[in-house]
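One structure below.
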Amino acid sequence: MDTKIWKLSGKVPFSPEDRKMIEEAAGVIREGGLVAFPTETVYGLGGNALDADASARIYAAKGRPSDNPLIAHISSMEELIPLIREVPETGKKLAAAYWPGPLTMVFPKSGLVPLETTGGLDTVAVRMPSDPAAAMLIRAAGVPIAAPSANTSGRPSPTTAQHVMQDLMGKIDGILDGGPVGIGLESTIVDVTGEMPVLLRPGAITVEMMNSVVGEVPVDPAILGPAAPDLVPKAPGMKYRHYAPKADLTLVEGDVTRVPAVILDMAREKIREGKKTGILCTEEMRHYFPGDFVKCVGRRSEEETIAHNLYAVLREFDDEGYEYIFSEGFPSDHLGRAIMNRLHKAAGYHIVKI
Ligand code: TXA
Ligand code: MG
């Protein structure tokens, strides 16, 4: 299959040429095809959320297990109502505060949404992205767009159109290239079907931000990691070893004054064994690791930068054939909670605490 690339100018408001490209991409989705597109979080692989065949094609293109439900993307509150049976009060408040934006909410689904889209669940996850190209694409398609992250299943999510090309060229109809995304980590997911909203996946809309709007937001205990090995996460995707680099990743967490020495010892041992070994670190730690086997994700104090760079750096290690990666742990409050959630999963919970 030929994959068409539509390259947007990156300027907003859109030029007539940009509009034409977005409308063409929207037409492909309306006719049952698959188009990858930018959002403020990561690139998504879009198809008509109301079309069971389109959802089946999304699973096939990604190599994704079909019990892992897709998020339906909308561009206005009016588009939400037909998809769901009711809007819970907490859902209304969170939507008013954080939509459009990097927040996905799980609602009881209506009969309009096929079970193929929701992986067999009677709930549907919905998000209203703020990225202007995404919003215009959804509006122009005239249907809600089902979109998982546009990576091959198990690879880090794509934060540029080039990442999407690496994974899906020849497997989908087109890619809308809107340049690098802003946030770099997938949206926060919160289940609003019960008495209290429950956090299923941390993201850029933090628990603290939601607390100020709806009070307490408990965390699905199953996403806390190996501490709860028998729990089944409510977001089925959280059970897979997602975001996984090909290399074996180890995190070293604890006293930051001792972390660099421990990392260097472990890395040197692998290098002695003849393994291609890299270190993922922050700018503050960079000077402890002389050599070209080091990749930086940004300053320790700037969570936004770390989130923005993390997946691209993990992909670079992959592309260069690294077998082992050692990384420091990062502060885990606010956006850091999402960063560490993804890193813990990428590491298969291989964590050395010192
Ligand atoms: O930022 C994002 O959310 C990106 C962009 C493209 O919007 N999308 C994304 O989709 O990350 P995906 O498919 O990679 O992750 C969706 C997650 C999965 O863990 C899935 O199990 C969960 O959402 N999910 C979807 N529908 C659900 C539902 N009805 N109940 C619980 N979890 C659900
Ligand atoms: Mg994904």
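Bear in mind that the values in this text are calculations on the coordinates, not laboratory data. All figures in this text were calculated on a predicted structure; none of them were measured in a lab. Note: ideal-geometry Cβ built from the backbone for every residue, glycine included; neighbour counts use all protein chains shown.
If you stretched the chain out fully between Tyr349 and Tyr288, how much longer would it get, using 0.36 nm times the residue separation minus the C-alpha to C-alpha distance?
That works out to 19.5 nm of additional length.
Run the simple label-point estimate for Arg19 and Ala52 please: 7 Å along Cα→C-beta, distance reported in nm.
Inter-label distance under the simple model: 3.8 nm.
Distance cut-off 27 Å, Cα to Cα: go down the list Lys62/Lys345; Lys275/Lys353; Lys92/Lys345; Lys171/Lys246 and report the pairs above it. Walk me through the numbers on the way to the answer.
Numbers: Lys62/Lys345 19 Å; Lys275/Lys353 23 Å; Lys92/Lys345 31 Å; Lys171/Lys246 21 Å.
Flagged as over cut-off: Lys92/Lys345.
Provide the per-residue ³J(HN,Hα) series for the range 277-289, in order, calculated from phi with Karplus coefficients 6.51, -1.76, 1.60 and θ = phi - 60°, each as a whole number of Hz, with x at glycine and proline positions.
Couplings: 10, x, 10, 9, 8, 9, 3, 4, 9, 3, 5, 6, 10 Hz.
Let me check against my output: what whole-number percent is the relative contact order of the range 227-354, with C-alpha pairs under 8 Å and at least 6 apart?
Values: 194 pairs, mean separation 51.4, N = 128.
40 percent.
How big is the range 91-133 on each of its three principal axes, counting only the C-alpha atoms and giving the largest first in Å?
That works out to 28, 25, 14 Å along the principal axes.
What FRET efficiency comes out for the pair Asp122/Asp319, r = Cβ-Cβ distance, R0 = 45 Å, nearest 0.05?
Efficiency, rounded to the nearest 0.05: 0.65.
When the chain is fully extended, how far beyond the present Cα-Cα distance does Asp2 get from Arg139, taking 0.36 nm per residue of separation?
Stretched out fully, the Asp2 to Arg139 stretch lengthens by 46.8 nm.
Could you list which residues have their amide H under 5 Å from that of Thr123, counting only those 5 or more apart in sequence or on another chain, with H placed in the peptide plane?
Long-range HN contacts for Thr123: Lys109.
Given the peptides 91-97, 335-341, 25-31, arrange them by the average over their residues of other C-beta atoms within 10 Å, most packed first.
Values: 91-97: 17.3, 335-341: 21.6, 25-31: 20.0.
Ranked from most to least packed, the peptides come out as 335-341, 25-31, 91-97.
Dividing the Cα convex hull volume of the range 99-230 by residue count, how many Å³ per residue is that?
So the per-residue hull volume is 148 Å³.
Just the Cα atoms of the range 15-114: what Rg and Dmax do they give in Å?
When restricted to Cα atoms, the range 15-114 yields Rg and Dmax of 14.7, 41 Å.
For the range 231-354, what is the convex hull volume of its Cα atoms per residue in Å³?
112 Å³
Using θ = phi - 60° and the Karplus relation 6.51 cos²θ - 1.76 cosθ + 1.60, list the HN-Hα couplings for the range 333-341 in order, rounded to whole Hz, with x at every Gly or Pro.
9, 6, 4, x, 4, 5, 4, 6, 4
Using a basic spin-label model with each label point 7 Å from the Cα along Cα→Cβ, how many nm lie between Gln166 and Met196?
With each label placed 7 Å out from Cα toward Cβ, I get 4.0 nm.
Using only Cα positions of the chain, each an equal point scatterer, no hydration layer, compute I(q)/I(0) via Debye at q = 0.07, 0.10, 0.13 Å⁻¹ and quote the log10 values to two decimals.
-0.29, -0.60, -1.00
Roughly how many nanometres apart are two label points built 7 Å out from the Cα toward the Cβ at Lys246 and Glu269?
Distance between the two pseudo-spin positions: 2.5 nm.
Based on the Cα atoms of the range 1-69, what semi-axes does the equivalent ellipsoid have, where each is the square root of 5 times one gyration tensor eigenvalue, given in whole Å with the largest first?
Details: eigenvalues 121, 35, 22 Å².
Those come to 25, 13, 10 Å.
I need to check one value: relative contact order of the range 127-235, counting alpha carbon pairs closer than 8 Å and at least 6 residues apart, in percent.
Relative contact order here is 14 percent.
Dipole magnitude of the chain about its Cα centre, charges +1 at Lys/Arg Cβ and -1 at Asp/Glu Cβ only, in debye to the nearest 20? Mind dumping the intermediate values first?
Working: 37 positive and 46 negative charges, 84 e Å.
Computed charge dipole of the chain: roughly 400 debye.
Under 14 Å from the Cβ of Pro260, count the other residues' Cβ atoms, weight Lys and Arg +1, Asp and Glu -1, and hand me the total.
Residues near Pro260 contribute -2 overall.
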